[in-house]
Amino acid sequence: MKILVTGGAGFIGSNLVDRLLSRGHDVAVIDEFNDFYDPQIKRGNLAAATDRIALHEADIRDADVVNRIVGGENFDAIIHLAARAGVRPSILQPKLYIETNITGTFNLLEAARAAGVKRFISASSSSVYGVLKSAPFHEELCLNQTISPYAATKLASEQLCSNYSHLYGMRTISLRFFTVYGPRQRPDLAIHKFTKSIHEGRPIDQYGDGSTRRDYTYVDDIVQGIEACLTYEGQLCDVFNLGESQTTTLSELIAAIESALGKKAIINRMPEQPGDVPLTYADIAKAQRLLNYRPTTKISEGIPKFVDWYLKNCAK
């Protein structure tokens with residue numbers, strides 16, 4: 001297949017690009033290489049693949065550029081991972097998140113419609129579930145309140161996908177990722193930040209009392225779920241959770257990193273942050289049934305794998 005991956009130089013995107021190339025697909029990438037974190041990290045993520053992909057350095061907010069890229073190739077599918085990420089930064093810069101995550105998604109959908117691309121796979125987020133009292137979270141829940149601009153943009157993007165599926169017969173699949181980690185994880189994310197600080201003997205900021213729970217998902221499992229969507233022939237518009245379907249407290253996560261590093265954390269206790277949710281927990285029965293999604297890396301194995309990658313590639 002000929003596949004366009006947006007955000008293909010990022011953490012999840014570059015791992016996906018490697019998998020698609022290993023399967024023999026023809027891959028093109030759009031990435032802005034913005035300064036949300038060091039662009040050289042993103043360039044390094046693609047270093048081994050650069051001579052095997054068509055790389056477009058472009059901003060998805062630019063509709064003309066997006067139309068030119070999508071219209072210039074006969075893509076079988078678009079896998080849309082490009083986004084402004086993170087709950088807390090979205091509270092500080094909501095306009096930027098709206099322009100990138102909503103308008104950027106619209107630009108790609110419109111370009112796909114005009115070019116006749118039939119399959120559009122898009123990254124959503126577990127943050128769309130907001131503060132729910134029932135868990136695990138399943139895809140049929142009515143979502144009528146989000147608590148951050150980031151979450152709102154992801155839910156809006158899902159709705160745009162449903163519009164294009166209904167109006168134009170485009171197959172759209174929105175994937176709600178649950179706290180992804182693993183090799184190449186962004187340096188601003190908790191597991192990476194904690195590992196770096198503990199390794200260097202610096203304090204870590206722990207927001208809240210450590211009881212918040214997350215469904216941490218290893219990147220290889222996420223990539224497996226995305227890849228399955230390339231051949232999915234179920235409902236024309238669909239939504240799936242991709243998680244591990246197990247939860248870990250913040251305190252347990254820190255303890256796992258301490259164990260893998262063989263060092264104790266110096267903890268700076270902080271108040272809970274606006275926009276953070278107390279729990280994420282994926283019901284993955286639908287993805288298991290319809291995508292044959294089978295996550296295999298539990299947190300007890302994934303954290304040591306990540307720490308090993310960090311020590312080999314990032315440690316000073």
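Among residues other than Val117 whose Cβ falls under 15 Å from its Cβ, what is the net charge (Lys/Arg +1, Asp/Glu -1)?
For residues surrounding Val117, the net value is +2.
Suppose we keep just the alpha-carbon trace of region 161-316; what are its Rg and Dmax in angstrom?
According to the Cα coordinates of region 161-316, Rg and Dmax are 17.7, 56 Å.
Please compute the length gained on full extension between Ala63 and Leu132, using 0.36 nm multiplied by the number of residues separating them and subtracting their Cα-Cα distance.
21.2 nm
In whole Å, what is the distance between the alpha-carbon centres of region 142-159 and region 244-316?
Each part reduced to its Cα centre gives a spacing of 24 Å.
Identify which of Asn107, Asn268, Asn67 has the largest mean-square fluctuation in a Gaussian network model of the chain, with springs joining Cα atoms closer than 10 Å.
Comparing Asn107, Asn268, Asn67 in a Gaussian network model of the chain, the most mobile one is Asn268.
Which of the three applies to the chain, rounded, prolate or oblate, going by the alpha-carbon gyration tensor with a ≥ b ≥ c and a/c under 1.5 meaning rounded? List each step's numbers first, then the result.
Details: a/c = 1.64, a/b = 1.38, b/c = 1.19.
It is prolate, given that a/c is not under 1.5 and a/b is the larger ratio.
Based on the alpha-carbon gyration tensor of region 1-160, what equivalent-ellipsoid semi-axes (square roots of 5 times the eigenvalues) come out, in whole Å, largest first?
On the way: eigenvalues 140, 61, 52 Å².
Result for region 1-160: semi-axes of 26, 17, 16 Å.
Treating only the Cβ of Lys, Arg, Asp and Glu as charged (+1, +1, -1, -1), what charge dipole size does the chain show about its Cα centre? Round to the nearest 20 debye.
Computed charge dipole of the chain: roughly 440 debye.
Which of rounded, prolate, oblate describes region 115-198, given a ≥ b ≥ c as roots of the alpha-carbon gyration tensor eigenvalues and a/c under 1.5 marking rounded, otherwise prolate only if a/b is larger than b/c?
Since a/c reaches 1.5 but b/c is at least a/b, the shape of region 115-198 is classed as oblate.
Please give the length that would be gained between Leu96 and Leu21 if that part of the chain were fully extended, namely 0.36 nm times their separation in residues minus their C-alpha to C-alpha distance (nm, one decimal).
23.8 nm
What does the highest-first list of 153-161, 226-234, 269-277 look like by mean Cβ count within 10 Å? Write out the running numbers ahead of the final one.
Details: 153-161: 22.0, 226-234: 16.8, 269-277: 12.8.
The most tightly packed comes first, giving 153-161, 226-234, 269-277.
Excluding Leu236 itself, what net charge comes from residues whose Cβ is under 13 Å from its Cβ, given Lys and Arg +1 and Asp and Glu -1?
+1
Springs between alpha-carbon pairs under 10 angstrom, Gaussian network model over the chain: which of Ile284, Ile60, Ile267 fluctuates most?
So, out of Ile284, Ile60, Ile267, the one fluctuating most is Ile267.
Using alpha carbons only, how many angstrom separate the centre of region 1-64 from the centre of region 74-133?
Distance between centres, Cα-based: 16 Å.
Mean-square fluctuation check for the chain, GNM, Cα pairs under 10 Å: which of Tyr207, Tyr216, Tyr150 is largest?
In this elastic network of the chain, the residue with the biggest mean-square fluctuation among Tyr207, Tyr216, Tyr150 is Tyr207.
For region 191-232, rounded, prolate or oblate, judged on the Cα gyration tensor with a ≥ b ≥ c (square roots of eigenvalues), a/c < 1.5 rounded, else prolate if a/b > b/c?
oblate
Each value in this text was obtained by applying a stated rule to the coordinates, not by laboratory testing. Here the structure is a predicted model, which means the values were calculated and not measured. Neighbour counts run over all protein chains shown; Cβ positions are idealised from the backbone, glycine included.
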